[in-house]
Amino acid sequence: MKLIVCDPVDPEAVAAMREGGVDVDVNDDVTLDELMEIIPEYEAMVVRSRTKVREPLIDQASNLKAIIRAGVGLDSIDVEYAEEHGVEVRNTPAASSNAVAELTIGYLFALARPIVEATASMKEGKWEKKKLKGTELAGKTLGLIGFGRIGSLVGQKADALGMEVLFHRRTDVDVDFATQVPLDELLERSDYISLHVPHTPATHYIVGEEELAKMKDGVKVVNCGRGGTIDEDALVEAIKSGKVAGAAFDVYEDEAEERGQKLMALPEVIGSPHIGAGTVEAKERVGEETARIAIEIANR
C-alpha cells in the first residue's frame, strides 16, 4: 500500500509503518494544490488538523482506500462523503485522551488559584500577596458536558480532588465517581463547567446565551474540547456582565484568523493555542496507533 504523510507525525511511526510493509512518502508541508495533483498515486493518507480533506480532494483521490487522522477530531475531513466513496476514515481517539484531560484539570486549578496572574505579577517585580487570593477545588461542583473518553477521565481526576462531578450525555451510563443529570440541572448546579463534545450540527453552540443565563453567578467555564460548541460572543458578554467569573480555552471557533483574540482580550480569560494533545507521551501514542492502523489496512 502506498501512503502519504501530509502532516508532521512521530518519525518512529513512519519507521514502524515502513517496517510493517507500507510504502510511505513523507510530504508533511504539502499544499492543497500539490496534494490535488499527486493524490491519485496513493491508497492511503495520514493527516492531522492542518490538511483539510474535503469533497474535491476526495473526488480527485481515485485510488484512495483510507484516511487516517493522527489525532481525535474529524472536523477537517468530510467523513460521510469519504465513506460514501468507499474510503475508510480512522482516527486515534484514545491516544491523546489523558493529555487533554490533564490540561483541563490544569485549567481548573489555574481558574481557582490565580497562577497565571501571579506569575505575570512576579515577573514585573511585584509582590501582590493579598490581591492574589483564590479558592479551592475540593467541595466544588464540576459539570461535564460530554462524557466520553476525555470527559470521563476528567471526571475521575476531579473526583480524586474532592469535587462533586455531574455530567450530561445523550445516552445513559452508570459510574461511581459522577452523577448523570439533565443539561439544565448541570448548568444550574455547577461551579465549574467543562465541555467535552465533538463539534457537530447537534452540538453547535450547545452553550449559548440561553444556557449561560441558566448558570450560577460566578461560574467558570473550560473548553479543551472543540471550537464552536460555545457561542464565544455570548460568553464575552457574560464575562463582561460578571455572570461568568472566568474562562479557560484551548480551542476556538476560528483558529485560522481570529484565533480567540476576542476572548484573550479579557483579563478573566486564560488560554492556549490548541495544545491539548501536545505532550511527548501523547505524540508517541498517536504515532504508535497511526502506524498500527496503517499496517492493519495494508495487510488486509
Listed by chain and number, the residues whose amide H is under 5 Å from that of VAL26, excluding neighbours fewer than 5 places away on the same chain and using placed H, are VAL5
Averaging over every viewing direction, what projected area does the convex hull of the Cα atoms of the stretch 67-141 cover, in nm²?
8.2 nm²
Ranked by how many other beta carbons lie within 10 Å on average, peptides 136-149, 33-46 from highest
136-149, 33-46
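Tell me what the chain gives for mean residue ellipticity at 222 nm when only DSSP H runs of n ≥ 4 count, each as -39,500 (n - 2.57), the sum divided by the residue total, rounded to 500 deg cm²/dmol. Present the calculation step by step, with values, prior to reporting the outcome.
Values: 12 runs with 111 residues, N = 300.
The helix-only estimate for the chain comes to -10500 deg cm²/dmol at 222 nm.
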Taking alpha-carbon centroids only, the stretch 176-234 lies from the stretch 1-65 a number of Å equal to 36 Å
In whole angstrom, and with the biggest value first, how far do the Cα coordinates of the chain range along each principal axis?
63, 49, 33
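Taking the radius of gyration and the Kirkwood hydrodynamic radius from Cα positions alone, what is the Rg/Rh ratio for the stretch 97-271, to two decimal places? Working shown, then result.
On the way: Rg = 15.6 Å, Rh = 16.3 Å.
So for the stretch 97-271, dividing Rg by the Kirkwood Rh gives 0.96.
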Vicinal HN-Hα couplings computed from phi for the stretch 113-128 (Karplus, 6.51 cos²θ - 1.76 cosθ + 1.60; Hz; Gly/Pro x)
10, x, 5, 5, 5, 5, 5, 4, 5, 4, 5, 8, x, 8, 9, 9
Listed by chain and number, the residues whose amide H is under 5 Å from that of GLY246, excluding neighbours fewer than 5 places away on the same chain and using placed H, are VAL221
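Given axes a ≥ b ≥ c from the Cα gyration tensor, I'd like to know whether the stretch 1-148 is rounded (a/c under 1.5), prolate (a/b larger than b/c) or oblate.
Numbers: a/c = 2.96, a/b = 2.42, b/c = 1.22.
Prolate is the answer for the stretch 1-148, as a/c is 1.5 or above and a/b outweighs b/c.
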Paramagnetic reach from ARG54 (point 7 Å along Cα→Cβ, amide N under 17 Å) across the stretch 68-85:
74-82
With the label point 7 Å along the Cα-to-beta-carbon line of LYS2 and a cut-off under 12 Å to each amide N, the hits in the stretch 61-86 are 62-64
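Here, each number is a calculation from the coordinates, and none is a lab measurement. Note that this is a predicted model, so its numbers are computed, not measured. Cβ sites come from the backbone with ideal geometry, for glycine too, and all protein chains shown count toward neighbours.
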